[in-house]
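See structure below.
The values are calculated or read from the model by the stated rules, or taken from the named source; none is laboratory data. Predicted, not measured: the structure shown is a model, and the values here were computed from it. Heads up, the Cβs are rebuilt from the backbone with ideal geometry, glycines too, and the neighbour counts pull from every protein chain shown. Side chains are part of the model used for accessible areas, which takes the heavy atoms of the whole protein and leaves out ligands, DNA and RNA. Shrake-Rupley method; radii C 1.70, N 1.55, O 1.52, S 1.80 Å.
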Amino acid sequence: MSAARRTPVVLHVVHGLGSGVERVVGDYVAATPEAEHHVLHSTDPSCHGASWAGSAGFSSVREVPGSPWRFAREVRRARRDLSPDIVHAHSSVAGALVRTLLPRAHVVYTPHCFAFVRRDVRTTTRAAFWLVEALLGRRTAALAACSAHEAALGRRLIRPHRVHYVPNIASLAPAPARVVDEDPRPSVVAMGRIAPQKAPESFAALAEDLRGRADVRLTWIGAGSAEQTAALRAAGVEVTGWLDHDAATARLAAADLYVHTARWEATPLTVLEAARLEVPVLARDTAPMRALDLRGTWSGRAQLADAVVAALPDGDVATAAGLRADGRRLSDAHSPQRQREALRACYASVLPAWGDVRTTEPPHVNSETQKVSA
């Protein structure tokens, strides 16, 4: 950052727009209002919502349709036009592009779940993903990991002093209005994209295993694979389809229990939101969930059904108390203040002058989205 410029400029680069990454980037912008933020993102038909949902806080938003080659060209153009002090790459594809194309000095990378932890690809493919990350680690000024587990993995790839844990938060202001439901049965929900990562087949199996054991209503808040959606509905699960954030969190707030079935991830926003809403959480026993030190974990089909029965409103009192304690602890550990402190420390490690910038109101914002012609 030059001496004449008091406001640092951050360019966020996102490939393959999805609601979770979009919300995290929005949280980062809200956490650092002293900077001028710009976003460049691709439009990916496989992700629900073809456009950035909101541009509040951003000085510019650029949409790039088409191939990765076009996206790479626009990354170079945006860097030339904006002269950013920091280029913050979000997710694996953007991380690979930015770190290959641009000098290391000002590149910050947030994987939002490393590609090599996927379980829907071969071991050799995961090994190739790991090798790419290890090579590109040399071209990373700082890694802003969004989960403790992601930070631990990052320290095996990048020098530990360049890895920062910037916790995700649940953005629920104002608090959602709870849905009034006349169905008297306890409500058990899952939430997110219906895709292999989320293992919706585990929720469908739960619906089958609870028959005759507990009279509950099971709902999946979200949409995705047509085949997996059909399997959920065939098992008796209600699938809502995509809802806007307010409507989705209102449905979550009305639940008696949230079941998290994902097989791989970083720190899922849905778990943090459920905790913030004081909805008990049962999560698959995975490394990211162990890093959160959750008491409400399960592994295996039979254990999940037993855990759900124990956690229902008329179930085991001690289990319910433990899950509520998990929620309060998670909310405290993933607060906006902690995220802000960690993100500013990360940015300051790349741009030391950041620490001298006074926190002010955001700079002038152009709320219009610029769409790059195809």
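What the table shows:
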| read-out | value |
| --- | --- |
| Identity of the residue in region 63-103, in a loop (DSSP other than H, G, I, E, B) and open to solvent by 40 Å² or more (accessible area, probe 1.4 Å), that ends up nearest to Glu133 (Cα to Cα) | Pro103 |
| Residues satisfying the stated conditions in region 26-46, i.e. part of a strand (DSSP E or B) and modelled with pLDDT under 90 | Ser42 |
| Residues of region 204-235 classified as part of a strand (DSSP E or B), open to solvent by less than 10 Å² (accessible area, probe 1.4 Å) and of a type in the set (Gly, Ala, Ser), total | 1 |
| Flag for Arg162 being open to solvent by 80 Å² or more (accessible area, probe 1.4 Å), within 16 Å of Cys346 (Cβ to Cβ) and touching a helix residue (DSSP H, G or I) at 6+ places or on another chain (Cβ under 8 Å) | no |
| All positions within region 172-189 that are in contact with a Leu (Cβ under 8 Å, 6 or more places away or on another chain) and either modelled with pLDDT of 90 or more or not hydrophobic (A, V, I, L, M, F, W, C) (or both) | Pro176, Pro186, Ser187, Val188, Val189 |
| Residue in region 114-135 that is outside any helix (DSSP H, G or I), surrounded by 19 or more Cβ atoms within 10 Å (Cβ to Cβ) and touching a residue at least 24 places away in the same chain (Cβ under 8 Å) present | yes |
| Those residues of region 271-319 which are open to solvent by 20 Å² or more (accessible area, probe 1.4 Å) and among the hydroxyl-bearing types (Ser, Thr, Tyr), in sequence order | Thr297, Ser299, Thr319 |
| Residues (in contact with a strand residue (DSSP E or B) (Cβ under 9 Å, 6 or more places away or on another chain) and modelled with pLDDT under 95) located in region 309-350 | Ala311, Leu312, Pro313, Leu323, Asp326, Gly327, Leu330 |
